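The block underneath contains the structure these notes are about, expressed in structure tokens.
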Amino acid sequence: MDEFVCNKLTEWGLSMLIERFEDEGIDTESLYCLGDQEIDALITKVGPRAKFKKRLKLLKAEQNPAHQETVDSSAHEHEEAADSAQLCQSISDKRDKGKRKLDLQGKSTKFQSPASKRRCDNKLASYSEEKILSDVKKTMNYVHMRLQNEDNTRFNAFLKNKICDLETDKRELVGVFGKTGAGKSSLINAVIGVRNLLPSGSVSACTSVMIKVEANKKNSKYEADIEFITKEEWKDELWSVYHILRDADQEKEDDDDYRDTVEKLSALYGEEWQNIPPENIMDNKYFKEIPEFLISKRKILTCESAEELSAKCLKYTRSDSKVGQSGKRWYWPLVKCVTVRVPDNDLLQHVTLVDLPGNGDRNKSRDKMWKEIVGSCSTVWIVTDINRAASEKEPWEILQDASSLMGNGGECQRIHFICTKSDLIEDSDDQSAAGDYALILKRNMEAKETVMTEFRKQTKIKKHFSDEYFKVFTVSSKEFLKNKRLRRDDTEIPKLQEFLQDLNDCHSVTLNYVSGAYGILSLIQGARCREVAGKKKEVCTELEENMRQELEKVRKPMEEASEAFEKCLTEGVENSKRSCEAKLKSILHPRGVAVHGFHKILKCVVENNGIYKPKKRRQININEKLSSCLTDSIDEEFRKTFPNEGKCGPFKGVISAFSLDTERLIQKYKEVELQLTFLQTEEEKIKAKLNKLIRKRKKTIYSSLTWTIEENMQECYRKAEEFRGQGTLENMRHTIERHVHDSKNTMFDQAKDSLLVYLNNLKRDILEELEKTLKESTEVSLKTHDYAIPDVSEDIDMVKSHYDELKPSLDEETSLIGSTDPPGPAALSP
């Protein structure tokens, strides 16, 4: 959490609000932006709310030198604490050092803009982007505080909201898949340059929960944020556990699900689990080391070193086949996700690496998070041993099963197939170091070619990802650290680091913020201009006509997309009706599976709404199987309409192409250049917002086909679940088959209609948001006069200089909806 906000709440005796503020993302900047409405929603109890409002008012007053004399002496009690805020300290320093008078609005004032101090410091001619972002944020906070002292007019409220809406947050997710022993942990440790962060090397242990690795921006400690499943979710899981134990037969030692269940119970309860009555299994004494689990709070571990944190995290992240022998308690069965935060790491500033186990999870809560994360990854790393890279089934099965979730149902732009342990070779005839080196490079090149050949055979994966977005790397974490047989560059770890650095590049974040700030300051300064009323009317007329034409340009391709999807789905519905029973049979009557063993599997399938993930087998998903003809029918069109990669953007790039032609109007109407500059930046901002909205909603649109089928199948799952005793397997099969037969003439049409409704709702929302936002911005900027607002001429000069500095590189940046590979990491792509 933001350290300043945390300190303030603690100082004010309101530490009970820290978690609430953290959940809502309240940082130093947004703290100063909180208004009464937001505070009322944030703090529901009257006492703490009144106390917070008073303290916040005093804090703001302490930072406003113009208003200082009107504040009673109680404000001074908090002066020392307020100095810990970077923004407030900056303003206070400037006030105390010079108290120079600025010529604002033609008269003297105590205010000193951050821009004027910067101009006195010619040594800082070149700013890093991080410095630029920090400086511009300080300036906008400074402007926001000045606006707080003005009359709360509609225009003033509009400006304050715009400042608070300036976005800076951008995180790229990189998902890392790989079976136990493939070298995922060693790879992550080597790439981010932190030894012993994630544990590796144990034959008997494997990572059992999702682990996010990101930067610690609050302090210089290593931290682990452990999120547990809820007590209710563990109770539900125990219910399934007891069913598995109850149904276990004499061959239970060969039953993967049985062994997995015993491993979980032994980890959490020790070997005594067999003697614990079911009614006592949730007794608090079993959770005394993790009281956070009982009250649904997160557990935070803080350490000075990566190695110390790794050791403390073991019991929360790793399952171990020897667990029952130690007598220790292991809590990974209760963990939903662990977020590891690393201090002082440039590669993780805007990137989160996620160590992902397998294909989903049998726990519903963890499985939901797994799907959300996979669907949000912009890059996926598939990690496997180089000696089995192309032939091993598991990496390809992971890609096959997750391809639709990553591709059309997600936002993945690139897949990196990473072959580890590239330094290991069999004994060669040439015993020299040079001979080994040449042999390793030759083998690595052959491995890349073999993997690419195998990828081209993967028709299901290639529906979502072309060769251009599939790269192969051959890496050696060991050699990267030791350099005995390979040079560092030959290990290809530097290529992955370069890729993360490019992905981590905050340029677009900085540019978006600076652009928005420049637009707001232009609007403020433009509103102070007099005698341009006639010109404003002319400009409004032109803008209204431009708006009408551009909205029509947006509407047309969206309607065409809707028509194309309807045509594809009509064919998909007919194919589904013809083939659904055959597809269902392939699940209900699998080849090579013992009847008794399948009885237990199918029981778990119906108890989990048609979805089940056996321990060492691929996931069974009846709903996905039944909807496969529908998704197949739209996959190609969907990828064209909502591309994850490339710079075109959704709906044939129509959002990116939208323009009110403000550039031309600026040349034509110089008198209102400032107002048009604001509209120009607002236009870019709303397009970015819409692209983000589309990226989120397209996942819902694509997934709606399977969701609708799952909803339709609920009735038969409930009936099948009730069967007991002799003939249960056949009764379950018959119930499901009968339901599909009776529903096929309506179920697939309903799925089609559902997708089209979601799509048309998106079209409506895009058009409404575009028109509403830009109409309001036009009205405020060109039909408002407010000569009493602050003069920001110095601030706008400074921000414009940074904007001009950043703007030339705009075309080199990744697009808002997707991007091609960053230029750094080169890999074989024949």
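In this structure, Lys471 does not qualify as open to solvent by less than 70 Å² (accessible area, probe 1.4 Å), charged (D, E, K, R), in contact (Cβ under 8 Å) with a residue 24 or more places away in the chain and in contact with a helix residue (DSSP H, G or I) (Cβ under 6 Å, 6 or more places away or on another chain). Each residue in segment 479-488 was checked for being at pLDDT below 90, of a type in the set (D, E, K, R) and assigned to a helix (DSSP H, G or I), and 1 pass.
Within the option set Ser422, Ser428, being touching a helix residue (DSSP H, G or I) at 6+ places or on another chain (Cβ under 8 Å), surrounded by 12 or more Cβ atoms within 10 Å (Cβ to Cβ) and at pLDDT 90 or above holds for one residue only, Ser422. Could you please let me know if Val757 is open to solvent by less than 60 Å² (accessible area, probe 1.4 Å) and among the β-branched types (Val, Ile, Thr)? Judged against the criteria, Val757 is not a match. Does Lys625 satisfy being open to solvent by 20 Å² or more (accessible area, probe 1.4 Å), in contact (Cβ under 8 Å) with a residue 24 or more places away in the chain and over 27 Å from Thr379 (Cβ atoms)? Yes. Looking only at segment 666-682, decide whether some residue is outside any helix (DSSP H, G or I) and over 28 Å from the mean Cα position of the chain (by Cα). Yes: one or more hits. Looking at (1) surrounded by 21 or more Cβ atoms within 10 Å (Cβ to Cβ); (2) modelled with pLDDT under 90, find the lone condition where Gly409 falls short. Gly409 satisfies all of (1) surrounded by 21 or more Cβ atoms within 10 Å (Cβ to Cβ); (2) modelled with pLDDT under 90 except (2).
Is it the case that Glu394 is modelled with pLDDT under 90 and open to solvent by 10 Å² or more (accessible area, probe 1.4 Å)? Criteria met by Glu394. Under the condition of being touching a residue at least 24 places away in the same chain (Cβ under 8 Å) and open to solvent by 40 Å² or more (accessible area, probe 1.4 Å), which residue from segment 719-737 is nearest to Val757 (Cα to Cα)? Per the criteria, the residue is Glu737.
Of all residues in segment 216-236, those that are under 13 Å from Ser296 (Cβ atoms) have Cβ atoms under 6 Å from Cβ atoms of residues that are open to solvent by less than 50 Å² (accessible area, probe 1.4 Å) and at pLDDT below 90, 6 or more apart or on another chain, in Ile229/Ser365; Glu233/Ser365. The residues in segment 327-342 that are open to solvent by 10 Å² or more (accessible area, probe 1.4 Å) and on the phi < 0 side of the Ramachandran plot can be counted, and the count is 7.
This table checks each residue for (1) modelled with pLDDT of 90 or more; (2) within 25 Å of Lys600 (Cβ to Cβ); (3) within 35 Å of the chain's Cα centre (by Cα).
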| position | (1), (2), (3) |
| --- | --- |
| Lys221 | yes, no, yes |
| Lys231 | yes, no, yes |
| Asp236 | no, yes, yes |
| Val241 | no, yes, yes |
| Ile276 | no, yes, no |
| Phe287 | yes, no, yes |
| Pro291 | yes, no, yes |
| Lys299 | yes, no, yes |
| Ala306 | yes, no, yes |
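Condition check ((1) of a type in the set (A, V, I, L, M); (2) within 36 Å of the chain's Cα centre (by Cα)) across all residues:
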{"residue": "Lys553", "(1), (2)": "no, yes"}
{"residue": "Cys568", "(1), (2)": "no, yes"}
{"residue": "Ser576", "(1), (2)": "no, yes"}
{"residue": "Val593", "(1), (2)": "yes, no"}
{"residue": "Cys604", "(1), (2)": "no, yes"}
{"residue": "Tyr612", "(1), (2)": "no, yes"}
{"residue": "Gln619", "(1), (2)": "no, yes"}
{"residue": "Cys629", "(1), (2)": "no, yes"}
{"residue": "Ile634", "(1), (2)": "yes, yes"}
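Annotation note: of Pro790, Pro822, the sole residue that is open to solvent by less than 20 Å² (accessible area, probe 1.4 Å), at pLDDT 65 or above and not in a helix (DSSP H, G or I) is Pro790. Look at Glu607 and say whether it is in contact (Cβ under 8 Å) with a residue 60 or more places away in the chain, open to solvent by 10 Å² or more (accessible area, probe 1.4 Å) and among the charged types (D, E, K, R). Spelling it out, Glu607 is indeed in contact (Cβ under 8 Å) with a residue 60 or more places away in the chain, open to solvent by 10 Å² or more (accessible area, probe 1.4 Å) and among the charged types (D, E, K, R).
The values are calculated or read from the model by the stated rules, or taken from the named source; none is laboratory data. Nothing here was measured: the structure is a model prediction, and the numbers come from that model. Reconstructed Cβ throughout: ideal geometry from the backbone, glycine too, with neighbour counts over all protein chains shown. Just the protein is used for accessible areas: all its heavy atoms, side chains included, with ligands, DNA and RNA removed. Shrake-Rupley method; radii C 1.70, N 1.55, O 1.52, S 1.80 Å.
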